[in-house]
Each structure stands twice: as C-alpha cells, then as structure tokens.
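Each value in this text was obtained by applying a stated rule to the coordinates, not by laboratory testing. Everything numeric here is computed off the predicted structure, so don't read it as measured data. Here the Cβ positions follow ideal geometry from the backbone for every residue, glycine too, while neighbour counts run over all protein chains shown.
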Amino acid sequence: MKPKPRILVVDDDKLITRTLADIFDVKGFSVEAANSGREALEIIKRSKVEIMLSDIRMPEMNGVELFRAARSIRKKLAVILMTAYATDQLVQEGLKEGALIVLGKPLDIDNLLLHITDFLKN
C-alpha cells in the first residue's frame, strides 16, 4: 500500500488552517498544520513533508521567507503559495523562487487539488 502524500498547511488564520487540513485529510493526505513560519520549519525538520501550502502574508515570517528557509532544509519540497493580494510584490518573489503556483484567496479547492494531483504524478 502506497503511503499517503504528506502536506503541510501554513496560515496565521487558524480557521483557514483547520479547514484546509480537514479537506486534505478527507482527500487522503497525511496533514500537518502550522500557524506561523517558525512552527512550519519545526514540522519540516522532523517530518517528511512533500508539499507545503502557505499563506504569503503572515506576521514575523512571510510565506516567501518561509519558502526560502524550508527549501534550505528540504531541497525538493514543493511549495504552493496563497494570498488575498494578487498584485503583491511577494507573489512575484514567490514565483521567482520556484513556487509551483500562487493561488488567490478565497481558494478554489478543486483547482488546488488539481495542481497537487498533477505534482504528485511527476
């Protein structure tokens, strides 16, 4: 039996984090959740996360800074960023750094799952 794909959901909004974690759990993923960049990095250090879905705008450490730090720990970590600010400079930075995609909030869950499924096929 193939192991469940491991995904990390990061958002400073606990309701969003919990909702997304519940959706991924129902869809058959092994889910970790964090409400800060620091918490996310601790999870990445101890867990074999394959995909990280992170908000861009968070206090203390934004999603792009988290992306850079996470990639220094796990080189092949796939990162999907999400934001309510489509024209934000951080969106461009995230894409330049190698994020798979930047999705707008509110999230289109079907579109998100499609991107994750496509990544996992490769």
Fill in the blank from the handout: Diffing the range 10-20: the Karplus 3J(HN,Hα) column from phi (6.51, -1.76, 1.60, θ = phi - 60°), in whole Hz with x for Gly and Pro, holds 10, 7, 6, 8, 4, 5, 5, 4, 5, 4, 5
Problem - Alpha carbon convex hull of the range 61-122, projected area averaged over orientations, nm² - result: 4.4
Exercise for the section: Work out from phi, with θ = phi - 60° and the Karplus expression 6.51 cos²θ - 1.76 cosθ + 1.60, the ³J(HN,Hα) of each residue of the range 44-59, listed in order in whole Hz, and give x for Gly and Pro. Expected result: 4, 5, 9, 10, 8, 5, 9, 9, 10, 10, 10, 5, 7, 8, 9, x
Problem - Relative contact order computed over the chain (Cα-Cα under 8 Å; 6+ residues apart), in percent - result: 20
Problem - Descending semi-axes in Å of the chain, equivalent ellipsoid built from Cα gyration tensor - result: 19, 16, 15
Handout entry: Footprinting exposure proxy for 61, 52, 82, 1 (fewest neighbouring C-beta atoms within 10 Å first)
Key = 1, 61, 82, 52
